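**Student:** The structure's right below; bear with me while I get my questions together.
The values are calculated or read from the model by the stated rules, or taken from the named source; none is laboratory data. What you see is a predicted model; the values in this text were computed from it and never measured. No Cβ is skipped: glycine too gets one built from the backbone with ideal geometry, and neighbour counts run over all protein chains shown. Each accessible area value is taken on the protein alone, full model and side chains, heavy atoms only, with ligands, DNA and RNA left out. Shrake-Rupley method; radii C 1.70, N 1.55, O 1.52, S 1.80 Å.
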Amino acid sequence: MEQTLVLIKPDAVERGLVGKIINRFEEKGLKIVAMKMEHISREVAEAHYREHRGKPFYRELVDFITSGPLVAMVLQGPGAIETVRRIMGDTAGTTPGTIRGDWAEGVTRNLVHGSDSPASAAREIAIFFGQGEGITR
Ligand code: IDP
Ligand code: MG
(Lines give C-alpha, C1' and ligand atoms only; values in the text may rest on other atoms or scores of the structure.)
(Ligands and ions follow the chains in the order given, each with its own letter.)
Protein backbone atom coordinates (compact mmCIF):
# COMPACT_ATOMS: atom_id res chain seq x y z
CA MET A 1 0.00 0.00 0.00
CA GLU A 2 1.28 3.43 -0.93
CA GLN A 3 0.22 6.86 0.33
CA THR A 4 0.44 10.19 -1.50
CA LEU A 5 -0.36 13.82 -0.73
CA VAL A 6 -3.03 15.50 -2.85
CA LEU A 7 -3.82 19.20 -2.67
CA ILE A 8 -7.03 20.50 -4.19
CA LYS A 9 -5.75 23.99 -4.89
CA PRO A 10 -7.50 27.33 -4.16
CA ASP A 11 -8.78 27.70 -7.76
CA ALA A 12 -10.70 24.41 -7.42
CA VAL A 13 -12.20 25.47 -4.09
CA GLU A 14 -13.18 28.86 -5.61
CA ARG A 15 -14.74 27.21 -8.67
CA GLY A 16 -16.68 24.58 -6.71
CA LEU A 17 -14.81 21.63 -8.21
CA VAL A 18 -13.78 19.93 -4.94
CA GLY A 19 -16.45 17.22 -5.09
CA LYS A 20 -15.86 16.39 -8.75
CA ILE A 21 -12.11 16.12 -8.19
CA ILE A 22 -12.48 13.87 -5.14
CA ASN A 23 -14.90 11.70 -7.13
CA ARG A 24 -12.30 10.98 -9.82
CA PHE A 25 -9.87 9.67 -7.21
CA GLU A 26 -12.48 7.70 -5.25
CA GLU A 27 -14.02 6.18 -8.37
CA LYS A 28 -10.58 4.80 -9.28
CA GLY A 29 -10.49 3.09 -5.89
CA LEU A 30 -8.11 5.35 -3.99
CA LYS A 31 -8.99 5.61 -0.31
CA ILE A 32 -9.02 8.91 1.60
CA VAL A 33 -7.12 8.29 4.83
CA ALA A 34 -6.81 11.93 5.98
CA MET A 35 -8.35 15.20 4.79
CA LYS A 36 -8.67 18.86 5.85
CA MET A 37 -9.31 22.35 4.53
CA GLU A 38 -6.65 24.92 5.32
CA HIS A 39 -5.57 28.40 4.20
CA ILE A 40 -1.81 27.85 4.33
CA SER A 41 0.85 30.40 5.31
CA ARG A 42 3.74 31.46 3.06
CA GLU A 43 6.04 29.45 5.34
CA VAL A 44 4.11 26.23 4.70
CA ALA A 45 3.89 26.99 0.96
CA GLU A 46 7.64 27.61 0.76
CA ALA A 47 8.37 24.35 2.61
CA HIS A 48 6.04 22.41 0.33
CA TYR A 49 7.44 23.93 -2.90
CA ARG A 50 11.08 24.22 -1.79
CA GLU A 51 12.36 22.34 -4.88
CA HIS A 52 11.04 25.20 -7.05
CA ARG A 53 12.74 28.02 -5.15
CA GLY A 54 14.56 30.36 -7.56
CA LYS A 55 12.55 29.33 -10.62
CA PRO A 56 10.83 32.11 -12.63
CA PHE A 57 7.33 30.97 -11.61
CA TYR A 58 8.10 30.46 -7.90
CA ARG A 59 6.69 33.77 -6.62
CA GLU A 60 3.47 33.36 -8.61
CA LEU A 61 3.15 29.77 -7.39
CA VAL A 62 3.50 30.72 -3.70
CA ASP A 63 1.14 33.72 -4.14
CA PHE A 64 -1.44 31.45 -5.76
CA ILE A 65 -1.29 28.52 -3.33
CA THR A 66 -1.70 30.97 -0.40
CA SER A 67 -4.49 32.98 -2.09
CA GLY A 68 -7.34 31.07 -0.43
CA PRO A 69 -8.22 27.81 1.32
CA LEU A 70 -7.19 24.49 -0.18
CA VAL A 71 -8.10 20.90 0.62
CA ALA A 72 -5.22 18.64 1.64
CA MET A 73 -5.66 14.88 1.70
CA VAL A 74 -3.73 11.67 1.92
CA LEU A 75 -4.83 9.06 -0.62
CA GLN A 76 -3.90 5.41 -0.28
CA GLY A 77 -3.83 2.44 -2.62
CA PRO A 78 -1.46 0.19 -4.56
CA GLY A 79 0.67 2.47 -6.74
CA ALA A 80 -1.21 5.52 -5.40
CA ILE A 81 1.52 8.03 -6.39
CA GLU A 82 1.52 7.09 -10.08
CA THR A 83 -2.25 6.58 -10.22
CA VAL A 84 -2.89 10.07 -8.82
CA ARG A 85 -0.42 11.63 -11.27
CA ARG A 86 -2.19 9.93 -14.20
CA ILE A 87 -5.65 11.04 -13.03
CA MET A 88 -4.34 14.63 -12.57
CA GLY A 89 -2.70 14.87 -15.99
CA ASP A 90 0.38 16.80 -17.03
CA THR A 91 1.30 20.16 -15.47
CA ALA A 92 0.03 22.29 -18.38
CA GLY A 93 -3.28 20.44 -18.64
CA THR A 94 -2.89 19.25 -22.23
CA THR A 95 -4.28 15.71 -21.73
CA PRO A 96 -8.05 15.32 -22.23
CA GLY A 97 -9.74 12.97 -19.79
CA THR A 98 -7.60 14.09 -16.88
CA ILE A 99 -8.57 16.56 -14.12
CA ARG A 100 -6.20 19.23 -15.46
CA GLY A 101 -6.84 18.42 -19.12
CA ASP A 102 -10.59 18.78 -18.68
CA TRP A 103 -10.84 21.70 -16.24
CA ALA A 104 -7.55 23.60 -15.64
CA GLU A 105 -7.49 27.28 -16.63
CA GLY A 106 -3.70 27.42 -17.01
CA VAL A 107 -0.37 26.14 -15.74
CA THR A 108 -0.67 28.06 -12.45
CA ARG A 109 -4.40 27.57 -11.93
CA ASN A 110 -4.14 23.82 -12.53
CA LEU A 111 -6.41 22.63 -9.72
CA VAL A 112 -4.42 19.83 -8.08
CA HIS A 113 -1.07 18.77 -6.65
CA GLY A 114 0.10 15.18 -6.30
CA SER A 115 3.41 13.97 -4.88
CA ASP A 116 5.86 12.80 -7.55
CA SER A 117 7.82 10.08 -5.67
CA PRO A 118 7.76 8.07 -2.43
CA ALA A 119 10.33 10.45 -0.89
CA SER A 120 8.25 13.51 -1.86
CA ALA A 121 5.08 11.86 -0.56
CA ALA A 122 6.62 11.17 2.86
CA ARG A 123 8.04 14.69 3.10
CA GLU A 124 4.85 16.43 1.94
CA ILE A 125 2.47 14.36 4.08
CA ALA A 126 4.54 15.34 7.14
CA ILE A 127 4.15 19.05 6.23
CA PHE A 128 0.34 18.88 6.18
CA PHE A 129 -0.54 16.17 8.69
CA GLY A 130 0.75 15.48 12.20
CA GLN A 131 0.70 12.24 14.13
CA GLY A 132 -2.81 11.37 15.26
CA GLU A 133 -4.55 13.08 12.35
CA GLY A 134 -6.02 9.89 10.98
CA ILE A 135 -3.05 8.49 9.10
CA THR A 136 -1.64 5.06 9.86
CA ARG A 137 2.06 5.31 9.16
P1 IDP B 1 3.37 19.29 -11.03
O2 IDP B 1 2.38 20.07 -10.18
O3 IDP B 1 2.73 18.76 -12.27
O4 IDP B 1 4.12 18.26 -10.24
P5 IDP B 1 5.80 20.90 -10.92
O6 IDP B 1 6.83 20.94 -11.98
O7 IDP B 1 6.11 20.17 -9.66
O8 IDP B 1 4.44 20.35 -11.58
O9 IDP B 1 5.45 22.42 -10.58
C10 IDP B 1 4.68 22.76 -9.44
C11 IDP B 1 3.62 23.75 -9.84
O12 IDP B 1 4.27 24.94 -10.29
C13 IDP B 1 2.76 23.31 -11.02
O14 IDP B 1 1.63 22.55 -10.63
C15 IDP B 1 2.34 24.63 -11.63
O16 IDP B 1 1.21 25.18 -10.94
C17 IDP B 1 3.54 25.50 -11.36
N18 IDP B 1 4.42 25.54 -12.54
C19 IDP B 1 5.25 24.59 -12.98
N20 IDP B 1 5.90 24.96 -14.11
C21 IDP B 1 5.43 26.20 -14.40
C22 IDP B 1 5.71 27.13 -15.45
O23 IDP B 1 6.51 26.89 -16.35
N24 IDP B 1 5.03 28.31 -15.40
C25 IDP B 1 4.12 28.60 -14.41
N26 IDP B 1 3.83 27.75 -13.41
C27 IDP B 1 4.48 26.57 -13.39
MG1 MG C 1 5.44 18.55 -8.62
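**Student:** So what's the net charge close to V13: Lys and Arg +1, Asp and Glu -1, counting the other residues with Cβ under 13 Å from its Cβ?
**Tutor:** +2
**Student:** For the chain, what does the relative contact order come out to in percent, with C-alpha contacts under 8 Å and a separation of six or more?
**Tutor:** Taking the mean separation of contacting Cα pairs over the length of the chain, I get 37 percent.
**Student:** Give me, ordered by chain and number, the residues 5 or more places off D116 or on other chains with an amide H under 5 Å from its own placed amide H.
**Tutor:** Counting only residues 5 or more places away or on other chains, the set is A121.
**Student:** If you take the square roots of the eigenvalues of the alpha-carbon gyration tensor of the stretch 63-137 and sort them as a ≥ b ≥ c, do you get rounded (a/c under 1.5), prolate (a/b over b/c) or oblate?
**Tutor:** Judged from the Cα gyration tensor, the stretch 63-137 comes out oblate (a/c at least 1.5, b/c at or above a/b).
**Student:** Another question about this same structure. Once you put a point 7 Å from the Cα of D116 and another 7 Å from the Cα of H39, both along the Cβ direction, what distance in nm separates them?
**Tutor:** The answer from the label model is 3.0 nm.
**Student:** Within the accessible area of the stretch 17-137, what % is carbon and sulfur when the probe is 1.4 Å and the other protein chains stay in place?
**Tutor:** Whole-percent figure for carbon plus sulfur exposure: 52.
**Student:** Write down the accessible area per residue of the stretch 22-137 in Å², having rolled a 1.4 Å probe over the full set of protein chains.
**Tutor:** 52 Å²
**Student:** Determine the calculated [θ] at 222 nm for the chain from helices alone, applying -39500 (n - 2.57) to every DSSP H run no shorter than 4 residues and normalising by the residue count; nearest 500 deg cm²/dmol.
**Tutor:** -11000 deg cm²/dmol
**Student:** Taking Rh as the Kirkwood radius computed over C-alpha pairs, what is the Stokes-Einstein D of the chain at 20 °C in a medium of viscosity 1.002 mPa s, expressed in µm² per second?
**Tutor:** Approximately 144 µm²/s, per Stokes-Einstein.
**Student:** Right, another one. What spacing in nm lies between the two simple spin-label points modelled at K20 and R59, each 7 Å away from Cα in the Cβ direction?
**Tutor:** Placing both labels 7 Å beyond Cα along the Cβ direction yields 3.3 nm.
**Student:** Let me ask something else. Work out how much length E105 to R50 would gain on full extension: take 0.36 nm times their residue separation and subtract the Cα-Cα distance, in nm to one decimal.
**Tutor:** Full-extension gain reported as 17.4 nm.
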